[in-house]
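Okay, structure first, notes after.
The values are calculated or read from the model by the stated rules, or taken from the named source; none is laboratory data. Keep in mind that what you see is a predicted model, and the values were worked out from it rather than measured. When we count neighbours, we look across all protein chains shown, and the Cβ atoms used for this are built from the backbone with ideal geometry, even at glycine. For the accessible areas, the whole protein counts, side chains as well, though only heavy atoms, and no ligand, DNA or RNA atoms are used. Shrake-Rupley method; radii C 1.70, N 1.55, O 1.52, S 1.80 Å.
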Amino acid sequence: MKVWINGALVNEDDAVLSASDHGVTVGDGLFESMKVVDGVAFAVRRHLARLRRTASGLGLSVPDDADLRDAIESTIAANGPTVGRVRLTVTGGSGPAGTSRGAGPVTVLVQCAAQTPWPPTARVLVVPWPRNERGALAGLKTTSYAENVIALARAQEEGADEALFGNTAGNLCEGTGTNVFVVVDDRLVTPPLSAGCLAGVTRQLLLEVDPTIEEVDVPLTQLPAVEEAFLTSSTRDVMAISAIDGRPLNHVNGPHTQQASSALLDLQARTFDP
């Protein structure tokens with residue numbers, strides 16, 4: 001595979017990253033993952049806008065959008081028709097030992113990969129570690145993913161496919177790499193950004209194409225009554241939830257899920273950079 005690193009396309013095995021890069025030593029960085037269809041990345045404009053929001057929250061500077069688009073497009077083109085996803089990573093660059101940043105430039109890395117098709121449904125497990133909706137990283141897409149790795153491993157140990165987090169207020173927040181939508185009293189709802197969840201691109205697109213979806217806090221205590229729910233992400237699109245904490249749902253891929261999936265597919269058919 002070819003990767004784009006700091007302005008140049010190189011073979012993956014030849015890419016050089018400083019041993020003192022803060023993305024490696026302290027997890028000081030941010031990223032965006034986009035699905036690729038027929039050589040084109042979806043919703044690049046929105047992903048770059050979120051990248052800048054995260055960079056602002058971390059206090060990092062990132063290259064201009066035009067340069068980042070060129071890096072994304074060049075890397076996809078260099079890797080051929082099997083590309084199904086592209087990831088753009090920016091780190092704090094080389095820095096001293098400890099948490100203080102160095103004065104040098106950021107590191108910019110673009111990688112591509114094939115995308116294994118996701119299964120049609122997912123079993124989810126609520127893990128016992130709450131998201132801090134008031135923390136400095138709340139809502140930011142950073143490379144500090146160790147918490148997500150631990151949560152997903154716990155879910156998989158229990159026979160689930162994705163982990164769900166609550167927050168410190170006892171409300172539903174998000175998955176390890178997904179936003180979550182549930183049907184409550186025949187209303188399709190999703191946690192608000194104030195719950196600490198990531199401002200998912202697919203999440204936002206669904207809110208725009210379907211104004212009936214509500215952003216409301218969902219107490220974790222309501223989940224045993226939920227009979228239809230789904231996950232969203234940039235590579236999954238809309239994925240029906242089949243079970244929560246081992247309890248099968250009665251309406252898997254029910255009407256709300258099907259409507260959301262159809263609305264998203266219709267949008268993608270109209271434009272690839274909404």
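Worth pointing out:
- Estimated 222 nm signal from helices in the chain, with DSSP H stretches of n ≥ 4 weighted -39500 (n - 2.57), rounded to 500: -8000 deg cm²/dmol
- In the chain, a dipole from Cβ-located charges (positive for Lys and Arg, negative for Asp and Glu) runs towards its positive end, and of SER100, THR202, LEU188 it is SER100 whose Cα lies farthest in that direction.
- Rounded to 10°, Cα long-axis angle of helix 146-157 versus longest principal axis of the chain: 40 degrees
- For segment 4-109, the fraction of 1.4 Å probe accessible surface lying on carbon and sulfur atoms is 52 percent.
- Principal-axis tilt of helix 65-79 within the chain, Cα atoms, nearest 10 degrees: 90 degrees
- Degrees separating the helix 44-58 axis from the principal Cα axis of the chain, which is the longest one: 80 degrees
- Cα-derived Rg to Rh of segment 143-211, Kirkwood definition: 0.99
- Size of the chain as Cα extents on the principal axes (Å, biggest first): 53, 42, 33
- Spatial separation of Cα centroids for segment 38-54 and segment 232-271, in angstrom: 21 Å
- Förster-model FRET efficiency, 22 Å R0, VAL209 and ALA8, C-beta, rounded to 0.05: 0.05
- Scoring 102-114, 79-91 by mean Cβ neighbours within 10 Å over their residues and listing the highest first yields 79-91, 102-114.
- Accessible-area composition of segment 140-274, carbon plus sulfur, in percent [1.4 Å probe]: 51 percent
- For segment 124-274: accessible area per residue (Å², 1.4 Å): 43 Å²
- Evaluated with a Cβ-only charge set (Lys, Arg +1; Asp, Glu -1), segment 110-185 carries a dipole of roughly 200 debye about its Cα centre, given to the nearest 20.
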